[in-house]
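Asker: Would you mind keeping the following structure in view while I ask a few things?
The values are calculated or read from the model by the stated rules, or taken from the named source; none is laboratory data. Quantities reported herein were computed from a predicted structural model and do not represent experimental measurements. Glycine also receives a Cβ, built like all others from the backbone with ideal geometry; neighbour counts cover every protein chain displayed. For accessibility, only protein heavy atoms count, side chains too; no ligands or nucleic acids. Shrake-Rupley method; radii C 1.70, N 1.55, O 1.52, S 1.80 Å.
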Amino acid sequence: MKRMMSGLARWWKIAIWEDFDPPQPEPLFERPWRRALIQKFTASGAFVTKWGTEGSGDGQLNRPVGVAVAPDGSVYVADTVNNRIQKFTASGAFVTKWGTEGSGDSQFKYPFGVAVAPDGSVYVADKSNHRIQKFTASGAFVTKWGRFGSGDVQFRSPAAVAVAPDGSVYVADSGNCRIQKFTASGAFVTKRGTPGSGDGQLGFVQDQIKFSDPSGVAVAPDGSVYVADYSNHRIQKFTASGAFLTKWGRFGSGDGQFDMPRRVAVAPDGSVYVADSGNDRIQKFTASGAFVTKWGTQGSGDGQFPEWFKGSRTAGGICGVAVAPDGSVYVTDLYARRKGQTN
């Protein structure tokens, strides 16, 4: 276990950047990246379509992480290293984009998470600026909140954001091992989580090293909150006010087991989808955590996903998952080869 967590810490900083370090410089990796794309599936996992290539042009992506679907079916992608949000149709046609690198309004420093409210407003977890930004559906800046720290309305590398049916905003405040809840305009409501592996705890402490968690958060139609507890290899479910309800999962590759679950999403019917990144697959569950189905194998074909961070050769894997109003499932994934490697 200690060896596994040591490897996780190393790759967390090198390739997933979930802690406080910025991404490694581009020269560490071959260009172009082999993969930087969105895949679309049916609710049962049948492949539908895909789009995206590595680059900075319209519709191109550079290490996309977060993905979200609007009530009208539009798809928003956190194009992380391009420091922008891109908007697409449900079939992948480019619509618009916004954002540049920086700390001003509408600027980003590695946006990791994106979410869409029932009214179409777009929220972005602006990770290395330690804040949340809110926009209209077309990308006009509305407001922002947060700064670096551990107090209320402060963040340490927020990795994900989700919006409830009532407009409440939940933030996976990863570096602080907690979830914070806000109103639609950013007023603090409550928080939940401390480092640990007990019920309601988020994150993992090994040899006095705290591994940043949670990595994903989602809200169900009934207001229940699901959290991807990455380092504890499990999903936790809470009430809207933060009371612990249930949990499922442990380290492994069997049905209902996880290897570093990176993101979680909830469908309109209450089904729960988990980006089981270390196992290169998506798993689907009932609202209470009963296993339903799974899909994905390691590879580069349609419906396959790249290997999740192996040794020092590659950087990649499933990064995000989102569910559309019609039940379609969107997944972000990427793959890169480090310079000097041939496989």
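Asker: What tally of residues in region 115-134 results from selecting those that are closer than 12 Å to residue 169 by Cβ and outside any loop (DSSP other than H, G, I, E, B)?
Answerer: Residues flagged as closer than 12 Å to residue 169 by Cβ and outside any loop (DSSP other than H, G, I, E, B) within region 115-134 amount to 9.
Asker: State all residues of region 55-65 that are touching a Phe, Trp or Tyr at 6+ places or on another chain (Cβ under 7 Å) and surrounded by fewer than 19 Cβ atoms within 10 Å (Cβ to Cβ); if no residue qualifies, say none.
Answerer: Passing the criteria: 58, 59.
Asker: So is residue 111 within 20 Å of residue 262 (Cβ to Cβ) and at pLDDT 95 or above or not?
Answerer: Here the answer is yes, as residue 111 does meet what is asked.
Asker: Then there's this: Considering only residues that are open to solvent by less than 10 Å² (accessible area, probe 1.4 Å) and hydroxyl-bearing (Ser, Thr, Tyr), which ones fall in region 140-169?
Answerer: Answer for region 140-169, where residues must be open to solvent by less than 10 Å² (accessible area, probe 1.4 Å) and hydroxyl-bearing (Ser, Thr, Tyr): just 157.
Asker: Continuing with this model, one more query. Of all residues in region 239-272 being of a type in the set (Phe, Trp, Tyr) and open to solvent by 20 Å² or more (accessible area, probe 1.4 Å), which is farthest from residue 194 (Cα to Cα)?
Answerer: Top of the filtered list is 251.
Asker: Just to be sure I understand the filter: pairs with C-beta atoms under 7 Å, separated by 6 or more residues or on different chains, first member in region 23-49 and open to solvent by less than 20 Å² (accessible area, probe 1.4 Å), second member modelled with pLDDT under 75 and not in a loop (DSSP other than H, G, I, E, B). Which pairs pass?
Answerer: Once the first residue is open to solvent by less than 20 Å² (accessible area, probe 1.4 Å) and sits in region 23-49, its partners that are modelled with pLDDT under 75 and not in a loop (DSSP other than H, G, I, E, B) give 29/315; 29/336; 29/337; 29/338; 33/335; 33/336.
Asker: Any residue in region 128-145 that's within 14 Å of residue 100 (Cα to Cα): show its pairings with residues that are open to solvent by 30 Å² or more (accessible area, probe 1.4 Å) and acidic (Asp, Glu) at Cβ separation under 7 Å, as long as the two are six or more apart or on different chains.
Answerer: 141/105
Asker: Among the residues of region 216-229, is there at least one that is within 25 Å of residue 104 (Cβ to Cβ), surrounded by 19 or more Cβ atoms within 10 Å (Cβ to Cβ) and among the small types (Gly, Ala, Ser)?
Answerer: No, there is no match, as no residue in region 216-229 is within 25 Å of residue 104 (Cβ to Cβ), surrounded by 19 or more Cβ atoms within 10 Å (Cβ to Cβ) and among the small types (Gly, Ala, Ser).
Asker: Hey, could you check region 81-99 for residues that are outside any strand (DSSP E or B) and at pLDDT 95 or above and say which is nearest to residue 159 (Cα to Cα)?
Answerer: Of everything passing the filter in region 81-99, 83 is nearest to residue 159 (Cα to Cα).
Asker: When the residues of region 170-196 are filtered to those that are open to solvent by less than 30 Å² (accessible area, probe 1.4 Å) and assigned to a loop (DSSP other than H, G, I, E, B), which remaining residue is farthest from residue 216 (Cα to Cα)?
Answerer: 186
Asker: Would it be correct to say that residue 71 is farther than 19 Å from residue 215 by Cα, surrounded by fewer than 21 Cβ atoms within 10 Å (Cβ to Cβ) and modelled with pLDDT under 95?
Answerer: The answer is no for residue 71.
Asker: Here are the criteria: (1) surrounded by 19 or more Cβ atoms within 10 Å (Cβ to Cβ); (2) out of contact with any Leu (no Cβ under 8 Å at 6 or more places or on another chain); (3) in contact (Cβ under 8 Å) with a residue 40 or more places away in the chain; (4) not β-branched (Val, Ile, Thr). Tell me which single one residue 202 does not satisfy.
Answerer: Going through (1) surrounded by 19 or more Cβ atoms within 10 Å (Cβ to Cβ); (2) out of contact with any Leu (no Cβ under 8 Å at 6 or more places or on another chain); (3) in contact (Cβ under 8 Å) with a residue 40 or more places away in the chain; (4) not β-branched (Val, Ile, Thr) one by one, residue 202 breaks only (3).
Asker: When region 289-343 is examined, which residues are found to be at pLDDT below 85, assigned to a strand (DSSP E or B) and β-branched (Val, Ile, Thr)?
Answerer: Scanning region 289-343 gives a single hit, 314.
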